[in-house]
Amino acid sequence: MQHTSTTPDQAARVVIKHKIHVDRIELRLVRLPLKEPFETSFGQIASRLIFLVSAEAEGLRGWGEVVAAEEPRYSYETVGTAFHVIRDFLGPALMAQPVASLSDLAQRFAPFRGHNMAKAGLELAYMDLLARMTGQSLSARLGGTRPHIPVGVSLGIQPQPAQLLERVDRYLALGYRRIKLKIKPGWDLDIVAAVRQRHPDILLSVDANSAYTLDDKEHLKRLDDFNLLMIEQPLEHDDLLDHAQLQRELATPLCLDESITNLRQAKKALEIGSCRMINIKVGRVGGYLQALAIHDLCYAKGIPVWCGGMLESGIGRAHNIALASLPGFTLPGDISASSRYFARDVIVPEVDVAPDGTVNVPGGLGLGFAVDRDYIEQCSERVEAMNRK
Ligand code: SMG
Ligand code: MG
C-alpha cells in the first residue's frame, strides 16, 4: 500500500508557538523489581533501574524516561553513561536558551555524538511539557489518530519449554494480539514449532537480539516453516548488508530493531532491502523527531512499523502509547499492561490491556496519566536536580 501524503497534522506537530525556557531538570533513578526475571539472548535481568527525567518551566513539569539498561548489552548506553551525558552536556544545552521547536532541540544536541537514549529521555520530558503547555494530549500533539492501539507481548527465554507454553496461553487469554518469542541458538526451532503447533493461527514473531550471523543462514531459513509475522534483528546489532542478503533468501519478513538508530539508517535499510518492517523505539532513535521521520518514511512507502518496548515504567510506556497512536503503527506493539512486569507502576491509573488486546490512548493533558510522586520517592536510588544558570 502506498500513501502519498503523510499524517494529517504533520505541520501542527512541528510548528510550535511556544518557546519554552526550561529552568529546572531533575534526574532520578528508580528501582522497580520485575515480577519475574526477563531473559534474552544477551542475558537476564531481575529488576529495572528506571531513569526518569523531568523538565520544569512556567510552573509546569514534563516527564521523560531514558530507556538504557544498567549494562551495555542491548546498546552501548547505560543508565550511568546517560546520567553523565545529560548532566554534563545535554541538560546545560537544553537550558541555555528557550527551545523553539523539536528541531531546535535536535540541533543543540547534534554536536554531541551518539547517546540517543540520553537525548530521547530529555526530549520526551520536553514534549510532555510542551503538550501540557499547549493544552493537548501527547498523542494529539504528535499527530496520533487512533483512540485504541493493538498490543502484543514479548516473552523471554524460559528454563523449560513448558514454562513458555504456559505463558503463551496466559497472555493469549488476556487478549494480547501478538506473541513474540525471544530466541537464541539452542532456543529457537523447537520452541517455535511447539508454540505454532499449539496455536496454528496466532500472530507469532521471534526476536534474536543479534544472536546469529550469516553463517547461520540455512538454520534461520528453517523458520520459514512456521508462518511467522517477522524475524526481528537476527544478525549483528549495527548491520544492514548481511540482513539484506538474508532477507533475499527468506520468505518471512525481517524486522530491524537495533540496527535502526536514525532516519538515515532506516532509509538505507529500505533502499537495500535489509528488512520489510521496522520496530520504532523512541529511545533507540534519539527522540520523537527521528521516530516521527522514520514513521513518515515508512508510511509513505507502505512499510509497516510498530512500537517496540524496553520494559519501561509507566512514564516511558505512556510515551510509547502516544507514539503508537500514529497511523503507520499498523502492527501490535510491545506495549503490555503495567502488571505484565511490575507489581506497582509509577503512574495512576496503570496501563491496562482490554480483553480485545488493545490499550486506550488517553486524551488528558500530556502523558495523560498522573505520576505517583510518593511511590517514585520511595523507590529512588539517586536524585540530582540541575537549575538554569
Ligand atoms: O517492553 O515489553 C517490553 C520488552 C519488549 O522484548 C522487548 N524488548 O529487543 O525488542 C527488544 C527487547 C529489548 C529489551 S531487552 C532487555
Ligand atoms: Mg528487539
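Derivation of every value follows stated rules applied to the coordinates shown; laboratory data play no part. Just so we're clear, the structure is a prediction, and the values are computed from it rather than from any experiment. Please note: Cβ atoms are built from the backbone with ideal geometry, for glycine as well, and neighbour counts cover all protein chains shown.
Here are a few things to note about the model shown:
- Fluctuation leader among Val361, Val53, Val371 - the chain, Gaussian network, Cα springs under 10 angstrom: Val371
- Gain on full stretching of the segment that runs from Asp169 to Ala194 - 0.36 nm per residue minus C-alpha separation: 7.8 nm
- Fully extended contour minus Cα-Cα distance, from Glu58 to Arg344, at 0.36 nm per residue: 99.9 nm
- Label-point gap, in nm, between Lys35 and His237 - each point 7 angstrom along Cα→Cβ: 2.8
- Seen against the Cα atoms of the chain and their longest principal axis, helix 263-272 is set at about 20 degrees.
- Just checking the listed ones, Ala96, Ala140, Ala55: in the Gaussian network model of the chain with Cα springs under 10 Å, the one fluctuating most is Ala96.
- Less than 5 angstrom separates the built amide H of Lys281 from those of Gly308, all sequence-distant by 5 or more or on a different chain.
- Hz values of 3J(HN,Hα) by residue in the stretch 229-242 - Karplus curve (6.51, -1.76, 1.60), Gly and Pro given as x: 5, 5, 10, 9, 6, x, 9, 3, 5, 10, 8, 10, 5, 5
- Considering only Asp190, Asp23, Asp128, the mean-square fluctuation computed in a Gaussian network model of the chain, springs between alpha carbons under 10 angstrom, is largest for Asp190.
- Remark: spin-label model distance Asp225-Asp356 equals 3.7 nm, labels positioned 7 Å along the Cα→Cβ axis.
- In plain terms, the bigger the Kirkwood radius, the slower the diffusion; for the chain, with that radius from Cα pairs, at 37 °C and 0.692 mPa s, Stokes-Einstein puts D at 157 µm²/s.
- Working note: Cα atoms of the stretch 24-101, range along each principal axis, descending, whole Å: 43, 24, 19.
- For the chain, lysine pairs with C-alpha atoms less than 21 angstrom apart, excluding pairs fewer than eight positions apart on the same chain, total 19.
- When the chymotrypsin sites (Phe, Trp or Tyr not before Pro) in the stretch 87-173 are filtered for DSSP coil states and for at most 14 other beta-carbon atoms within 10 Å of their beta-carbon, the remaining sites are Phe112.
- Neighbour-count order for Glu377, Glu70, fewest beta carbons within 10 angstrom listed first: Glu377, Glu70
- Shown is the FRET efficiency for Glu384 and His21, computed with R0 = 22 Å from the Cβ-Cβ distance and rounded to the nearest 0.05: 0.60.
- Two-site label geometry, Ala300 and His148: point separation in nm, points 7 Å out along Cα→Cβ: 3.3
- Summing charges over neighbours of Pro147, with a neighbour being any other residue whose Cβ is under 15 Å away from its Cβ, gives -1 when K and R count +1 and D and E count -1.
- Mean residue ellipticity (222 nm) of the chain, computed from DSSP H runs ≥ 4 via -39,500 (n - 2.57), nearest 500: -9500 deg cm²/dmol
- Sequence of Trp63, Trp187 once ranked by neighbouring C-beta atoms within 10 Å, starting from the fewest: Trp187, Trp63
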